[in-house]
Amino acid sequence: MNKKIEFPKNFLWGGATAATQIEGAYNVDGKSLSVMEMIPFIKLKDRKDLSETRNLTTQDLLDSIENKKGLHYPKRYGIDFYNRYKEDIALFKEAGFKIFRMSVSWGRIFPNGDEEEPNKKGLEFYKNVFEECKKQGLELMVTINHFDMPFPIIQKYGGWKNRKVIDMYFKYAKTLIDEFSEYVKYWLPFNEINLGVLFSAMGLEGDSNKKTLQEKIAGTYQDLHNQFVAQAKFIEYAKNFDNTMVGCMVADATTYSIDCNPINVFENQQKEQMKKFFYYDVMTSGEYPSYSKRFFKENKIEIIKEISDDQLLKNNTIQFISFSYYMSSTIAKENTEMTEGNLMKMGKNPFLVATEWGWQIDPIGLRYCLNQLWDRYHLPLFISENGIGVLEELNESNTINDDYRIEYLGKHFEQMSEAIKDGVNLFGYTMWTPIDVVSAGSNEMSKRYGLIYVDYDDYHKGTGNRFKKKSYYWFKNFMETCEI
Ligand code: BG6
């Protein structure tokens, strides 16, 4: 018998995507390339680990522009959302979604970053998409920058370390809210802002191997500070618009101590401070927390600020918290068995099972995380990503009986419902993903997260046709009945 769980009537259920993973059309209507679209596909069996696909030199990036090596760059093709968005939005509506989270590609709006005027063709595309969502009665949550800074900004200005990029981001973000405030209520200035530190440390800005690890880490905190400032400027401007809420997006993953040894328990607390709370703390209070000052001092990290930065951060904090949650881990000690995680390896937990990609499934960890965030910040919470990536093939009836996805979602929903009973103010959830997309971390099409199957393989071969999986119907029924 199905079990009934409780959710508020106005809970915002929906799905989440990102421009570089769905749109394709990388070279039309004036769009520039982002670094994400310059990472080649390497077959799983041919690569040692994911970092191989990321340690790119500036020369690799330049060679990729005209594809001199004849490689395949999956994020240039996505799932052809650019041309099929009407069909996809209709499917989301039919599934019963109330909200759709998507991102705008910076390189469609300001291809070089420093133009005076936005690219009209880019604005026109998003206006059409937003109109379609409005027509279908879908609320919108828009990520302004989901891992896709235009490459020309990195090439000419060196990326976030250059304060001129703050102004370029602000001009871009301001253009979006000026143009689209009537369609979009929820804005997320950056996707998984805490992973930016990893990205630049991993070489996505080119030539990272020329720097020492200490230099990379110090540089990434400077990049981050500039992103905090850019976000605060946007929040300040967004106050001119009614019916608008600006939130954050942090990659969360509950971490546990390896055992009850106080040394390890405290080490876990310190890891949590710098890997997650630091980001929420700065964005909710507008101040760098005290533990971060010690961390910076001990790691010889000096953040260069302008005099007005502190006040700007203080006056412009976020209005709600959103986060992604896929897995949990334990802290990694010497000799800890490791497993894969989102962009980095993590400590293995013997009490949990993992996906084919090594991501450890932990629904109770989600309840734990929701309680932690609510207790600490008392701001409305929104789960902006959660889901499971699996190798899947269509069966003879042109569908997929993805009971594992149904189980994954059901167990997470149950814990969300428990967290709401605990008193947590959770107001919405967008699953990753309503439709199969190109994987952000591994560039594979075959790591499928969708409720809807897309007929493309890792090399973008296929019809691109969409097929509903069993979970599509299950999710639709769940939103109507709250039965798992
Ligand atoms: C999050 C990102 O890190 O996780 C998404 O915001 C991403 O862009 C998702 O796709 C799942 O990760 P992956 O690497 O399996 O695609």
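So the values come out like this:
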{"quantity": "Extended-chain gain in nm, criterion 0.36 nm per residue less alpha-carbon gap, ALA90 and GLU115", "calculated": "5.5 nm"}
{"quantity": "Cross-link pairs beyond the 18 Å C-alpha cut-off, checked among LYS135/LYS185; LYS164/LYS185; LYS93/LYS468", "calculated": "LYS164/LYS185"}
{"quantity": "Full-stretch length increase - GLU124, THR57 - with 0.36 nm per residue and alpha-carbon distance subtracted", "calculated": "20.7 nm"}
{"quantity": "Table column - 3J(HN,Hα) (Hz), the stretch 402-416, Karplus curve with 6.51, -1.76, 1.60, x for Gly and Pro", "calculated": "8, 4, 4, 6, 4, 5, 4, 5, x, 5, 5, 5, 4, 6, 5"}
{"quantity": "Rounded Å value of the spacing that divides the Cα centres of the stretch 81-127 and the stretch 283-305", "calculated": "36"}
{"quantity": "Mean Cβ count within 10 Å, highest first, over the residues of peptides 324-332, 255-263", "calculated": "324-332, 255-263"}
{"quantity": "Lysines with Cα under 17 Å of LYS411, excluding same-chain neighbours fewer than 8 positions away", "calculated": "LYS3, LYS4, LYS421, LYS470, LYS476"}
{"quantity": "Fully extended contour minus Cα-Cα distance, from ASP457 to LYS9, at 0.36 nm per residue", "calculated": "157.4 nm"}
{"quantity": "Local net charge near VAL142, Cβ-Cβ under 10 Å (Lys/Arg +1, Asp/Glu -1)", "calculated": "+2"}
{"quantity": "Efficiency of FRET from Cβ geometry, ASN398 and ARG163, R₀ 60 Å, rounded to 0.05", "calculated": "0.70"}
{"quantity": "Largest to smallest principal axis extent of the C-alpha atoms in the stretch 74-113, angstrom", "calculated": "38, 20, 15"}
{"quantity": "Cα convex hull of the chain - mean projected area over all directions, nm²", "calculated": "22.4"}
{"quantity": "Binned Cα-Cα distance frequencies in the stretch 218-334 - 5 Å width, integer %", "calculated": "2, 10, 18, 20, 18, 14, 9, 5, 2, 1, 0"}
{"quantity": "Inter-site label distance for LEU213 and HIS72 at 7 Å from Cα along Cβ, in nm", "calculated": "3.4"}
{"quantity": "Partner lysines for LYS43 [C-alpha distance under 22 Å; skip if fewer than 8 residues away on the same chain]", "calculated": "LYS68, LYS69, LYS75, LYS345, LYS447, LYS461"}
{"quantity": "Reduced Cα scattering model of the stretch 129-197, Debye log10 I(q)/I(0), q = 0.17, 0.24, 0.28 Å⁻¹", "calculated": "-0.71, -1.10, -1.29"}
{"quantity": "Cut-off under 5 Å, modelled amide H: who pairs with TYR186 long-range", "calculated": "LEU140, VAL142, MET245"}
{"quantity": "Relative packing of peptides 306-319, 381-394, 450-463 - highest average C-beta neighbours within 10 Å first", "calculated": "381-394, 450-463, 306-319"}
{"quantity": "Burial ranking of peptide ranges 34-42, 110-118, 135-143 (average Cβ count within 10 Å, highest at the top)", "calculated": "34-42, 135-143, 110-118"}
{"quantity": "The stretch 1-145: translational diffusion in µm²/s, Stokes-Einstein, Kirkwood Rh over Cα pairs, 20 °C, 1.002 mPa s", "calculated": "123"}
{"quantity": "Positive-end residue of MET479, SER446, TYR256, charge dipole of the stretch 12-481 with Cβ unit charges", "calculated": "TYR256"}
{"quantity": "Net charge of neighbours whose Cβ lies under 11 Å from the Cβ of ALA19, counting Lys and Arg as +1 and Asp and Glu as -1", "calculated": "0"}
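Since every read-out is calculated from the coordinates, none of them should be taken as a lab result. From a predicted model like this one, the values you see are computed outputs, not experimental measurements. Virtual Cβ from ideal backbone geometry, glycine too; neighbours counted across all protein chains shown.
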